[in-house]
Amino acid sequence: MDFQHRSWSRAGAALALFVFASSAAAAAEPQRRPVPLREALQLAAKQGPDVAAARAQAAITRVGVERAYTAWKPDIAATGTFDHTSAPQRFDLAPFVRLVGAAYPSLNGQMPNLSIVPPPIDIVSTNSRYGTLQLSQPLLTPQGLFLPGIASSFAEAADRGADEAREQVLLNVARTYLSLQGVDGLLAAARDAEKVAVRREEDAKAQISAGTAVEISLLRAQSDTAAARAQIANLTGQRESLLPLLEALVGDPVAPLPAGQGGDAGLGQPADEGTQPWERTFTVRSAIAQAAGADKSVDYDSFLWLPTVAGVAKGNYNSNSGFAGTNTSYDLIVNVSVPLYDRGVRYAQKHEDQARLQQAMANLASTRARAKAGWQGARANLVASQAVLEQAEAQSRVAKRAQEQVDVSARAGVATSLDLQVADQTLFQAKSAAAQARANVDIRRAEVAAAEGRLYSDTAK
């Protein structure tokens, strides 16, 4: 008996040391600010790293809208050239006139008058400079007519995808936060069990000293104390592992408020099935936008036969004036391009886009079915968890009254230490089940809000 007594004492001391070391390690960490669930969700939506990454990915896709509108914007280009040649070209009439005069000296008996001959004209000088300024403005283009709408649909799909990623992050925040509150409730039950077990130890020691009890009563109390401290150590480890996860999701060192506070952030009740709440989820809305973009792509392929019309204004500079007698000039041009046959590329593109449209429609139907099933499952889980909570709370009240009655009976000498141990364990289990059930109800309520696509909107109110 003494050996067992010393063994339980050493086990209890080891567990107490573990709890003390865990508490000391927790105290050494940065102070975490207790916040309600609503604030934790708002912080995650505002500064969570996962949410920021999803927004950045959607922003990359949205640039495609800006790129699509460039089909209507003008193209302005300026070029300059310097040319040094070893074979300059010059148009000079004087040598020709002299040649004609030498061949026909009897012409009026005089040589031709060279003063009336125009001066030489440089066609290409040894050093020439050229410059061009050109503006091209599209007037009609199928790309400009259809691509902005296609890009807008895909950008909408990307935005809704980012919103869905945010909903999932917020759901993970709610799960982690409420799990921590559940762990806090279990810790409270375990600490209550420890206090009761320690009190039983003191009572057993007093009874043994008075000769009214045997050592088995003390051993049972010590066993309960050791079990409670082991539970406390286990739950403390769970809590310390969940807190960094909550910080990573929120982007700030926060902690949940005590169990029973912080609530469900006003997430409300499930919607009626007749309103089809799953249609409001961001996954379904993203799939709808994807299908719309694929449909617009098929329409675009059907109108690729349209001509492309562009107006061009071109300004020129030439250091050689040439026959024009000026160094500058301009041209106004209208370009018309009519696609007649491009080796069948646009027909192949149309067939590919039609296949993509069929795929998008199939994905939309699948997404809708999964969203509906997810909502139905979340709602059923919520109803079941609420029923479990009612039963757990009723059982906890019954176990509390039974434990109080057994305690009174034991003090009156009509109940044994074994009866006390059973009553204490039953009360601990009932309190633990109630705490876990309360956390589960709140988690299920957050899951229903996410399944209806309103977790962020309810939080932002």
- [ ] Determine the sum of side-chain charges near GLY185: Lys and Arg each +1, Asp and Glu each -1, restricted to other residues whose C-beta is under 13 angstrom from that of GLY185.
- [x] 0
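Run the numbers for VAL336 and ALA348: contour at 0.36 nm per residue of separation, minus the present Cα-Cα distance, in nm.
Values: separation 12, 0.36 × 12 = 4.32 nm, distance 2.44 nm.
Result: 1.9 nm gained on full extension.
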Open item on the list: For ILE123, what residues show an amide H to amide H distance below 5 Å, using hydrogens built from the backbone and excluding near sequence neighbours?
Closed with: GLN89, ARG90, PHE91
Task: Value of D in µm² per second that Stokes-Einstein yields for the chain, Kirkwood Rh from Cα pairs, at 20 °C (1.002 mPa s) - done: 70 µm²/s
Task: Residue-span extension gain [LEU139 to GLU215] - 0.36 nm each, minus C-alpha spacing - done: 17.3 nm
Open item on the list: Suppose each label sits 7 Å from its Cα in the direction of the beta carbon; what would the GLU279-GLN386 distance come out to in nanometres?
Closed with: 2.5 nm
Task: LEU139 long-range amide H proximity, modeled H, under 5 Å - done: VAL309, ALA310, GLY311
Open item on the list: Restricted to Cα positions, what overall size does the stretch 211-357 have along the principal axes? Three whole-Å values, descending.
Closed with: 133, 50, 33
TODO: Have a look at ALA451, THR367, GLY131 and report the one farthest towards the positive end of the charge dipole of the chain, computed about the Cα centre with Cβ charges (Lys/Arg +1, Asp/Glu -1).
DONE: GLY131
Open item on the list: Test of the criteria: in the stretch 313-399, which trypsin sites (Lys or Arg not before Pro) are in a DSSP loop and have at most 13 other Cβ atoms within 10 angstrom of their Cβ?
Closed with: ARG343
Task: Contact order relative to length of the chain, as percent, for alpha carbon pairs under 8 angstrom and 6 or more apart - done: 25 percent
Task: Residue-wise HN-Hα coupling along the stretch 334-341, computed from phi with Karplus coefficients 6.51, -1.76, 1.60 (Hz; x: Gly, Pro) - done: 10, 9, 10, 10, 10, x, 9, 7
Open item on the list: What do you get for the angle between helix 215-250 and the principal long axis of the chain? Use alpha-carbon atoms, 0 to 90 degrees, nearest ten.
Closed with: 10 degrees
- [ ] Compute the Rg to Rh ratio over the stretch 113-183 from the alpha carbon atoms, using the Kirkwood formula for Rh, and round to two decimal places.
- [x] 1.70
Open item on the list: Taking the 0 to 90 degree range and rounding to the nearest ten, how far is the long axis of helix 2-28 tilted relative to the main principal axis of the chain, both from C-alpha atoms?
Closed with: 30 degrees
Open item on the list: Cut-off 18 Å, label point 7 angstrom out along Cα-to-Cβ of SER329: give me the residues of the stretch 120-141 whose amide nitrogen falls inside.
Closed with: 121-125, 128-135
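So what is the 222 nm mean residue ellipticity for the chain from helices alone, if each DSSP H run of at least 4 adds -39500 (n - 2.57) and you divide by all residues, rounding to the nearest 500 deg cm²/dmol?
When only DSSP H runs of four or more count, the value is -24000 deg cm²/dmol.
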Task: Computed label-point distance, nm, for sites ASP92 and ASP299 using a 7 Å Cα→Cβ extension - done: 6.9 nm
Open item on the list: Run the Debye formula on the Cα coordinates of the stretch 417-461, all scatterers equal and no solvent, and tell me log10 I(q)/I(0) at q = 0.14, 0.22 1/Å.
Closed with: -0.51, -0.75
Task: Selection from GLN222, ALA399, GLY325, by position along the positive dipole direction of the chain (Cβ) - done: GLY325
TODO: Taking 7 Å along the Cα-to-C-beta vector as the label spot, tell me the ARG67-GLN358 distance in nanometres, rounded to one decimal.
DONE: 2.8 nm
Task: Tilt relative to the chain, helix 37-47 - C-alpha long axis, 0 to 90 degrees, to 10 - done: 20 degrees
Task: Length gained when the stretch GLN207-SER319 is fully extended (0.36 nm per residue, less Cα-Cα span) - done: 28.3 nm
Task: Selection from LEU243, GLY185, PRO49, by position along the positive dipole direction of the chain (Cβ) - done: PRO49
- [ ] Lys and Arg at +1, Asp and Glu at -1: add these up for the other residues within a Cβ distance under 13 Å of ASN335 and post the number.
- [x] -1
TODO: Kindly write out, for the stretch 326-332 in residue order, the coupling ³J(HN,Hα) from the Karplus curve 6.51 cos²θ - 1.76 cosθ + 1.60 (θ = phi - 60°), rounded to whole Hz, with x marking Gly and Pro.
DONE: 9, 8, 10, 7, 9, 9, 10
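No lab work stands behind these numbers, since they all come straight from the coordinates. Since we're looking at a predicted model, the values are computed, not measured. Every residue, glycine as well, gets a Cβ built from its backbone with ideal geometry; the counts of neighbours run over all protein chains shown.
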